[in-house]
Amino acid sequence: MKSSMQFISILFFLILLVVGPGVMKMVEGQPQMCEAESINFTGFCEKWRTCKRVCMSEGFPDGKCKGTFHRKCYCIKSCAM
């Protein structure tokens, strides 16, 4: 019983070594997203469309409301590396 568990553990480890690098490359290819609090948005952020419109006027492609009690508008763009 102990030898079969060892064999399964070693097999699992070898599969991770073979498959792991391919999975990591797919994740690395995704662009990272950066966010910054909107400068021009005023008031309580409750509608993401309004936030997005303000962010687009600031040069960002997207925006979203964040926070639980004091919701603010955050502008989102792809990070430059």
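Read the figures in this text as sums done on the coordinates, not as results from a lab. All figures in this text were calculated on a predicted structure; none of them were measured in a lab. Methodologically, a virtual Cβ is constructed for each residue, glycine included, from the backbone with ideal geometry; neighbour enumeration extends over all protein chains shown.
Here are the numbers:
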{"item": "Calculated from backbone phi, Karplus (6.51, -1.76, 1.60) coupling profile of the stretch 61-68 in Hz, x at Gly/Pro", "result": "x, 8, x, 8, 8, 9, x, 9"}
{"item": "Pair-distance profile P(r), taking every C-alpha pair of the stretch 32-81, with 10 angstrom steps and integer %", "result": "31, 54, 14, 1"}
{"item": "Packing-based exposure ordering (other Cβ within 10 Å, fewest first) of Met56, Met33", "result": "Met33, Met56"}
{"item": "Proxy reagent accessibility, fewest Cβ within 10 Å first, across Phe44, Phe69, Phe60", "result": "Phe69, Phe44, Phe60"}
